[in-house]
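Below is one structure, written out as structure tokens; comments come after it.
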Amino acid sequence: MDIPLGLVGQVSELLAEHQRAAAVAAVEKRLFDGRKQDSDVSLAVPQPGTASIVGPINAVSMLNRLADQGIKATTVVLDPWYRDKDARGRVAYLTETVPLIEAASRVAGHVFIWGFPEAVARLIDHTPPSLKLEGWLTWYFKNAPSRSKSWRPSQQACLHLRHPKAPMYPEHFYAERHREPARHNRLEFKMTPYSVFEEALLSGFIKRSEQTGFRWQKPESVIAPLLRMTTKPGDLVIDPTAGSGTTGAVAIKLGCAVILSDGNATALKTARMRLRD
């Protein structure tokens, strides 16, 4: 059916609103379906250097249960399903991640949220009042497979949202020669990690010892700067979208306690196998 030119804008807005409503309904249905399963989950804070793996459980439900029990973390890492890159996928991603970030803001002063740049950019205007945008981070990888005749996708984006009083630790990135001047407050510049992490995708023989077979697994070297900048040994880290457990592996190596959960039972099985020692 042809649409009069003067009505194209209004029709587009109606269609977008319909897509948003459908996405909200889908999220609410998943939350409703998961309530009975989630209600049986028991939560406990593990010892530093160890992990507690919970689930399967919906990510928002997990974070709200932690908040309701008064469990506070230093950092939450969120790596939800990215959806498609088209308009409908971006709406679905936004609809799912806004309540996820809101729930994360109840339990931690630092929140990292991963996604495609096109979708992540829209989250900047939907940040909870208690958090401010600290930085836009990019994971850049040269070895992305080329599947089209257009520009090859070779990056993922990550927003760092931070409570104004949440501490950061640039000193964790000092070289040895910087430590003595830093003790006397004589450093001209504070050494911090770059906002672009150039790390290859886990594929073939690249970091074979890290690979778990999980399709969307990130290298530990991409997650490590996030935790080093925002945690110190003994702090609690939470990842309710844990996947294969990369956040857990990094947190344990840094001497942090970590609570992992996911809605995917297969992913949790992989994480348990990976962190069993």
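The values are calculated or read from the model by the stated rules, or taken from the named source; none is laboratory data. Computed from a prediction, not measured in an experiment: that's the story for all the values here. Ideal geometry is used to build each Cβ from the backbone, glycine not excepted, and the neighbour counts take in all protein chains shown. Please note that ligands, DNA and RNA were not included when accessible areas were found on the heavy atoms of the full protein model with its side chains. Shrake-Rupley method; radii C 1.70, N 1.55, O 1.52, S 1.80 Å.
Some notes on this structure:
- For the range 140-169, a tally of residues being outside any loop (DSSP other than H, G, I, E, B), more than 23 Å from ASP235 (Cβ to Cβ) and among the hydrophobic types (A, V, I, L, M, F, W, C) returns 1.
- Wholly enclosed strands (runs of 3 or more DSSP E) of the range 170-277 bearing at least 2 residues out of contact with any Phe, Trp or Tyr (no Cβ under 6 Å at 6 or more places or on another chain) and either hydrophobic (A, V, I, L, M, F, W, C) or within 20 Å of HIS160 (Cα to Cα) (or both): 236-239, 257-261
- Residue that is surrounded by the most Cβ atoms within 10 Å (Cβ to Cβ) [pool: residues in the range 115-139 that are in contact (Cβ under 8 Å) with a residue 24 or more places away in the chain and part of a loop (DSSP other than H, G, I, E, B)]: LEU131
- LYS190 surrounded by fewer than 16 Cβ atoms within 10 Å (Cβ to Cβ) and touching a residue at least 60 places away in the same chain (Cβ under 8 Å): no
- Every test in (1) more than 13 Å from the chain's Cα centre (by Cα); (2) on the phi < 0 side of the Ramachandran plot is passed by GLY213 save one, and that test is (2).
- In the range 152-167, residue nearest to the chain's Cα centre (by Cα) [restricted to those that are within 18 Å of LEU227 (Cα to Cα) and among the charged types (D, E, K, R)]: ARG162
- Of the residues making up the range 259-273, just one is of a type in the set (Ser, Thr, Tyr) and either at pLDDT 95 or above or buried (at least 24 other Cβ atoms within 10 Å of the Cβ) (or both), namely SER261.
- Failed item in (1) within 19 Å of the chain's Cα centre (by Cα); (2) open to solvent by 50 Å² or more (accessible area, probe 1.4 Å), with PHE205 passing the rest: (1)
- Identity of the residue in the range 80-99, modelled with pLDDT under 85 and assigned to a loop (DSSP other than H, G, I, E, B), that ends up farthest from VAL237 (Cα to Cα): ASP86
- If you go through the range 208-230 and pick out every residue that is under 18 Å from GLY245 (Cα atoms) and open to solvent by less than 70 Å² (accessible area, probe 1.4 Å), you end up with 15.
- Members of the range 162-186 that are open to solvent by 50 Å² or more (accessible area, probe 1.4 Å) and modelled with pLDDT under 85: GLU176, ARG177, ARG179, GLU180, ARG183, HIS184, ASN185, ARG186
- Residue count, the range 61-79 (criterion: more than 11 Å from ARG106 (Cα to Cα) and assigned to a helix (DSSP H, G or I)): 2
- Of the criteria (1) open to solvent by less than 10 Å² (accessible area, probe 1.4 Å); (2) under 23 Å from ARG228 (Cβ atoms); (3) in contact (Cβ under 8 Å) with a residue 40 or more places away in the chain, which one ASP79 fails: (1)
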